[in-house]
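Trainee: Next up is a structure, given as structure tokens.
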Amino acid sequence: MGVTLGFAFCFTVVSCKLIWIQLVKQESYREQAIRAHTRGEPVPAQRGSILDVSGRVLAQSMPWIEVRLDGKILAQRPQELPQLASILGVSAEWLKGQADPENRYQKIAEGISAETEAKLRANRIQSICLERKLVRNYPNGSETAQVLGYVNLQEVTPAGMQKPLAMEVGEAGVEKSMDRYLRGVAGERRIIHDAVRREIPYFRLSDRPARDGYHVVLTVEQGLQHVVEREADLLLETYAPESLQIVVIRPVTGEILAMASRPTFDPNQRKTYESAAVKDRPIADTYEPGSTFKIVTVAAGLNEKIVDLDSTFFCENGEMFYAGSSLKDHEPYGVLTLREVVAKSSNIGMAKLAIQLGEEKLYEYARLFGFGQKAQKGEGALPGEEAGLLRPTKRWSKTSITRIPMGYEVAATNLQMAMAYGAIANGGKRMEPRIIKAVVDRDNRVVLQFLPKVVCQAVQPGAAAKMVEALRGVVSDRGTAEAALVPGYEVAGKTGTARKVVQGNYAEGKYRSSFIGFLPADKPEFLISILVDEPKGKVYYGGKVAGPSFKNIATQVAEQLHLNRGASVVAKRGAL
């Protein structure tokens, strides 16, 4: 009886346990079993391309195949040695020297052609393995390098996955600013395996495919960029400067059509990178602009209606004393009209206008023209931009009112200067600069579009028109930029020759030479801003150094944009 009761009790316990497992804990144990026999493998997404405004490829990810040699297998199959050497185009002796049975999978070739890959696979050479991966390629080498930036391979664990994945991640330029769109979304291949981790194809779960990255379309036009790059090389060869920068924009929209600087780098050659060459100088380098800053004072005076272009200023025959300090012109000018003050770049005439305007108004208009603040805003902005320097009036010295109007005691980037002049060219409207046109998917459907944005009305259209008229006088035989004249077009612009600060003091014989101009002056299609930092030799004035480069670039850009020469005329002699 006791034995029967014992068996009955045991049977009851076992039955209860089975009921507990099958009814109560069924779902929990089922999930544990699935986890124990399921593994997820991330599927990489292909990074999107960067395109110019016409769809030309500026950056793309391409298949890259590495050939690795298994020395141990080659020792067992020596007959494969001459065959492998022949296909790879190397000597059998060299290949034999690479084989090491103790150090397997030595890389012996990379970046092989599709034809070579096909031959290796067709011959079924067992002593090698082929590793396929994607490598970022920049077809134009160093052209547009700082704008595009570069990528690094990083171990990234996609959301919801446990296994990391080697992904191309943007580290600079557009590659960094638009990384979230370019990199895409990794997929996942989920596999059910047996106890020894062999896949059971019959029970394969549905895969989640990767979503390849979107393509990013720039406002840059590759043909115009090539023109700018060639001129940058010519300037480098002629003047051997410390650095130089060129920016080309469309004033009406704020689009950046081309942008280059020197020194530069080739993003395809990772081993040659230097930090100084990678820097995107038009947005990252600040400098005292000198005379190109004078448009702020003149435009402010015209907008406030305290002067007109025919207003006169006595320029003290070349030297003026203010607050116990001397201010000089490069020539001993007497009485000049405002248009002559601009054309001849008189520091004294500019200082006298600023004194009439007053500190608060000068500061206000400098802010309206974008100084002391970053030009780019929001998504799509290139990384690394500096805001420059514009001190509030409470921190001005007694002489600041005479120094700031001529572009000293302030600091700006080349892009800021270009956008300030763009406001003059655009009827007083300052636009936000744009380097991104759109984001598109693999079927060329627009995912995101970047439209022109007006930042503010810096000055009224009438004041802007008078400012353009004054700038036309600069690019004439009686101005400082006769060398910037473009045959067949009327040009408006301004030169700058600013002394360079070295270790806190203005260095003797060291200058930054610049010219900013646009054409056609009456209806500007493009604007070019050129800055040459410390040109070597006897020639250093902005009109002589940067002016001719403006002419070279503008002539070719006008041709590529198919501008009608008949619509404009060369700046008239005696236009002052």
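The values are calculated or read from the model by the stated rules, or taken from the named source; none is laboratory data. As the structure is a prediction and not an experimental result, all values here were calculated from the model. We place every Cβ from the backbone using ideal geometry, glycine too, and count neighbours over all the protein chains shown.
Trainee: Would you be able to say whether some residue in segment 218-225 is within 25 Å of residue 542 (Cβ to Cβ), under 17 Å from the mean Cα position of the chain (by Cα) and in a helix (DSSP H, G or I)? Can you show your working first?
Mentor: Initially, segment 218-225 is screened for residues within 25 Å of residue 542 (Cβ to Cβ), giving 224-225.
In the following step, the residues that additionally are under 17 Å from the mean Cα position of the chain (by Cα) were identified as 224-225.
Right, trim to in a helix (DSSP H, G or I) and you get 224-225.
Checked against the condition, which is being within 25 Å of residue 542 (Cβ to Cβ), under 17 Å from the mean Cα position of the chain (by Cα) and in a helix (DSSP H, G or I), segment 218-225 yields at least one hit.
Residues checked against (1) over 21 Å from residue 218 (Cβ atoms); (2) not hydroxyl-bearing (Ser, Thr, Tyr):
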| position | (1), (2) |
| --- | --- |
| 252 | no, yes |
| 256 | no, yes |
| 263 | yes, yes |
| 268 | no, yes |
| 272 | yes, no |
| 281 | no, yes |
| 304 | yes, yes |
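Trainee: What pairs come out if I take residues in segment 126-137 that are closer than 16 Å to residue 116 by Cα and among the aliphatic types (A, V, I, L, M) and pair them with residues that are modelled with pLDDT of 80 or more and surrounded by fewer than 14 Cβ atoms within 10 Å (Cβ to Cβ) whose C-beta lies under 6 Å away, six or more apart or interchain?
Mentor: none
Trainee: In addition: Given (1) more than 27 Å from residue 363 (Cβ to Cβ); (2) over 30 Å from the mean Cα position of the chain (by Cα), where does residue 460 come up short, assuming only one miss?
Mentor: Unmet for residue 460, out of (1) more than 27 Å from residue 363 (Cβ to Cβ); (2) over 30 Å from the mean Cα position of the chain (by Cα): (1).
Trainee: Kindly establish whether residue 409 is assigned by TED's automatic domain parsing to the domain that holds residue 470, over 25 Å from residue 175 (Cβ atoms) and acidic (Asp, Glu).
Mentor: Values: assigned by TED's automatic domain parsing to the domain that holds residue 470: yes; over 25 Å from residue 175 (Cβ atoms): yes; acidic (Asp, Glu): yes.
In short, yes.
Trainee: Could you please find all residues in segment 374-384 being over 24 Å from residue 294 (Cβ atoms) and either touching a Pro at 6+ places or on another chain (Cβ under 7 Å) or surrounded by 16 or more Cβ atoms within 10 Å (Cβ to Cβ) (or both)?
Mentor: The answer is 376, 380, 381, 382, 383, 384.
Trainee: Among the residues of segment 274-295, which ones are within 13 Å of the chain's Cα centre (by Cα) and either assigned to a loop (DSSP other than H, G, I, E, B) or closer than 17 Å to residue 381 by Cβ (or both)?
Mentor: If the condition is that a residue be within 13 Å of the chain's Cα centre (by Cα) and either assigned to a loop (DSSP other than H, G, I, E, B) or closer than 17 Å to residue 381 by Cβ (or both), then 279, 280, 281, 282, 283, 284 are the ones that fit.
Trainee: Could you please let me know if residue 351 is touching a Pro at 6+ places or on another chain (Cβ under 8 Å) and either modelled with pLDDT of 95 or more or among the acidic types (Asp, Glu) (or both)?
Mentor: Working: touching a Pro at 6+ places or on another chain (Cβ under 8 Å): yes; either modelled with pLDDT of 95 or more or among the acidic types (Asp, Glu) (or both): yes.
In short, yes.
Trainee: Just wondering, is there one or more residues in segment 269-285 that are touching a Lys or Arg at 6+ places or on another chain (Cβ under 6 Å) and either buried (at least 23 other Cβ atoms within 10 Å of the Cβ) or in the same structural domain as residue 145 (by TED's automatic domain parsing) (or both)? Walk me through it before giving the result.
Mentor: Quick first cut of segment 269-285, residues touching a Lys or Arg at 6+ places or on another chain (Cβ under 6 Å) only: none.
No - not one qualifying residue is present in segment 269-285.
Trainee: Got a number for residues in segment 391-449 being out of contact with any Cys (no Cβ under 7 Å at 6 or more places or on another chain), within 19 Å of residue 303 (Cβ to Cβ) and among the charged types (D, E, K, R)?
Mentor: So the answer is 1.
Trainee: Right, next: Being surrounded by fewer than 16 Cβ atoms within 10 Å (Cβ to Cβ), under 35 Å from the mean Cα position of the chain (by Cα) and in a loop (DSSP other than H, G, I, E, B) is the filter here, so list the residues in segment 323-373 that pass it.
Mentor: 373
Trainee: Right, next: Mind listing just one residue for me: the one in segment 296-322 that is assigned to a helix (DSSP H, G or I) and not hydrophobic (A, V, I, L, M, F, W, C) and, of those, nearest to residue 458 (Cα to Cα)?
Mentor: Initial filter on segment 296-322 (assigned to a helix (DSSP H, G or I)): 296-303, 316-318.
Now drop any that are not not hydrophobic (A, V, I, L, M, F, W, C), which leaves 297, 301, 303, 316-318.
Values: 297: 12, 301: 12, 303: 9, 316: 31, 317: 33, 318: 32 Å.
Among those residues, the one meeting the criterion is 303.
Trainee: While we're on this one: Looking at residue 404, is it in contact (Cβ under 8 Å) with a residue 12 or more places away in the chain and either closer than 23 Å to residue 500 by Cβ or among the small types (Gly, Ala, Ser) (or both)? Give the steps one after another, and end with the answer.
Mentor: On the way: in contact (Cβ under 8 Å) with a residue 12 or more places away in the chain: yes; either closer than 23 Å to residue 500 by Cβ or among the small types (Gly, Ala, Ser) (or both): yes.
The answer is yes for residue 404.
Trainee: Of all residues in segment 235-273, how many are modelled with pLDDT of 95 or more, of a type in the set (Ser, Thr, Tyr) and over 13 Å from the mean Cα position of the chain (by Cα)?
Mentor: Residues in segment 235-273 being modelled with pLDDT of 95 or more, of a type in the set (Ser, Thr, Tyr) and over 13 Å from the mean Cα position of the chain (by Cα): 4 in total.
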